[in-house]
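The values are calculated or read from the model by the stated rules, or taken from the named source; none is laboratory data. Just so we're clear, the structure is a prediction, and the values are computed from it rather than from any experiment. Because the Cβ atoms are built from the backbone with ideal geometry, glycine has one as well, and the counts that use them run over all protein chains shown. What goes into the accessible areas is simple: the full protein's heavy atoms, side chains included, and nothing from ligands, DNA or RNA. Shrake-Rupley method; radii C 1.70, N 1.55, O 1.52, S 1.80 Å.
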Amino acid sequence: MPDDLVIQNGLVVTGDERGTIYERGYISSSNGMITGVGPSDQSTSAEHVIDAAGCVIIPGLITAHTHLYGILLRGASLNIEPPTDFAQVLQRVWWPVDEALTVEDAYASALSASADMLRNGSTLYADTYSGPNSIEGSLEAIARGTREVGMRGIVAFEMTERHNPEEAERGLREGIRFIKSLKQDTLISGMMSIHASFTVGDEIVIKTVKEARKHNVPITVHTSEGLVDLYHNLEQSGERTVERLDRLGVLGPKTVLAHCVHVNDHEIDLIAKSGASVAHNPMSNMLNAVGVSPVPTMLKRGISVGLGNDGWIYDPFENMRCALTIHRLASGNPSAISPEQIFRMATLGGARCYNLENRLGSLERGKFADIVILDGAKVPTPLTKESVIGHLINTFTGNDVRDVIVNGTQKVENKKLVLTSDEHITEVSRKSASSLWSRLKK
Ligand SMILES: [Zn+2]
């Protein structure tokens, strides 16, 4: 079968295990799958040919943890007493927002945040939605917004018992219903999500793990993001957070622990032995002043670490840069973590979190054709095989993303969304946000 897409003459960073880079390379795809990657060959009979001369070609970046509805809070001035610690950030900002959300907000934020991530070079997100008054139908609304943009998404309802146990049961049912409704969807899949160890009892955690295993989907949980989680568990059962999750059977190769800021060596051992992964959110951790996750140690122990944004800044390049600097500052060691490790986190590391490394995370034959083309015209120093990883972390931003291909189809062309318009998205998103803001002020 002839290729339907060929991208040629670009500097191809495959992101494979060996770190293969082609200074003037090509990538071809057919039926959404990569059929070839290598040095450029001018002769092609493909239907669609993209000339990427002067550009850098990378795998679609993976956002390993996000909250799409966070986009509706951009610029909101909330009439609240300023929080002085993380528990108050949840109590005064996020939990009132969760309660005010509607299914329409879930759709509008998915549309807007997916567009923001895709334009900035991310082709897959893993989202957890939290809205106790908009449970039923929320995941389908999120999927609809995401499909309209053409991005990949792993979608979940975040269960919590902070109001009552019934709320968590309804969240679990919404997750199961949604997962069962997905039939061979190429872009959207589902997972199970528990808000955090300190907002759920043992019973619902065990039940959720059972359902996740039964439906063979990943399970995610915010883990010791703030000290409130750790202290709650120590007080309730004398266990640290990861110790409790281990006792309840949460840890395993299909488990993604978000944050892991306050974890000690024993907890890191438990994570490593279980094969669980970690979604690191450095910008959000700085924003909420919760501390620094021991990521360099986790990487040394062989734990798969992906990079998330936790619903704040959706540009993966900003998140990569922050991941590089936060660990150097925290350790006082300017070599604490390398640009290669950071790029790996945003690509194959993220794919490994969700057991998708055979499908996504690098540009290799047989994987899905999720490809990002960056315009190298404004790079001020030589752009070569040797310098390109440095440029990906030090120079490029999401604004340099020129084209984005998802599943072999172009979804961003010359910085414009192909399937829908920026104007439409802004209109829907502003309408939803302004109504949410006025509900929050009541
Ligand atoms: Zn989160």
(message) Just to be sure before I move on: is Arg430 open to solvent by 40 Å² or more (accessible area, probe 1.4 Å) and within 21 Å of the chain's Cα centre (by Cα) in the structure I sent?
(response) no
(message) Consider the stretch 331-347. How many of its residues are of a type outside the set (Val, Ile, Thr) and crowded, with 23+ Cβ neighbours inside 10 Å?
(response) 4
(request) Collect the residues in the stretch 184-205 that are more than 14 Å from His222 (Cβ to Cβ), surrounded by fewer than 22 Cβ atoms within 10 Å (Cβ to Cβ) and touching a helix residue (DSSP H, G or I) at 6+ places or on another chain (Cβ under 7 Å), keeping them in residue-number order. (result) Leu187, Ile188, Ile204
(request) Would you tally the residues in the stretch 297-321 being within 16 Å of the ligand (Cβ to nearest atom) and closer than 19 Å to Cys260 by Cβ? (result) 9
(request) List every residue pair whose Cβ atoms sit under 7 Å apart, with the two residues 6 or more apart in sequence or on different chains, where the first one lies in the stretch 334-351 and is free of Cβ contacts under 8 Å to residues at least 24 places away in the same chain and the second, anywhere, is assigned to a helix (DSSP H, G or I). (result) Pro334/Arg328
(request) Name the single residue, out of those in the stretch 288-307 being touching a strand residue (DSSP E or B) at 6+ places or on another chain (Cβ under 9 Å) and assigned to a loop (DSSP other than H, G, I, E, B), that is most open to solvent (accessible area, probe 1.4 Å). (result) Ser304
(request) Identify the residue in the stretch 41-74 that is farther than 18 Å from Val372 by Cβ and at pLDDT below 95 and, among all such residues, is most open to solvent (accessible area, probe 1.4 Å). (result) Glu47
(message) Let me confirm something: among Arg328, Arg365, which residue is away from the ligand (no atom under 16 Å from the Cβ), open to solvent by 30 Å² or more (accessible area, probe 1.4 Å) and under 29 Å from Leu5 (Cβ atoms)?
(response) Arg365
(request) Give the residue that is nearest to the ligand (Cβ to nearest atom), with candidates limited to residues of the stretch 84-132 that are part of a strand (DSSP E or B) and within 19 Å of Arg170 (Cβ to Cβ). (result) Thr128
(request) Collect the residues in the stretch 231-243 that are more than 16 Å from the ligand (Cβ to nearest atom) and crowded, with 24+ Cβ neighbours inside 10 Å, keeping them in residue-number order. (result) Val242
(message) As an exercise: evaluate Glu140 against (1) assigned to a helix (DSSP H, G or I); (2) open to solvent by less than 20 Å² (accessible area, probe 1.4 Å); (3) more than 20 Å from Trp437 (Cβ to Cβ) and give the number of the one condition it does not meet.
(response) (2)
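Residue check: is Gly175 more than 15 Å from the ligand (Cβ to nearest atom), within 18 Å of the chain's Cα centre (by Cα), modelled with pLDDT of 95 or more and of a type in the set (Gly, Ala, Ser)?
Considered against the rule, which asks whether it is more than 15 Å from the ligand (Cβ to nearest atom), within 18 Å of the chain's Cα centre (by Cα), modelled with pLDDT of 95 or more and of a type in the set (Gly, Ala, Ser), Gly175 comes out as no.
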(message) Checking Ser181 against (1) open to solvent by less than 10 Å² (accessible area, probe 1.4 Å); (2) at pLDDT 95 or above; (3) more than 16 Å from Tyr354 (Cβ to Cβ); (4) of a type in the set (S, T, N, Q), only one condition comes out false. Which one?
(response) (1)
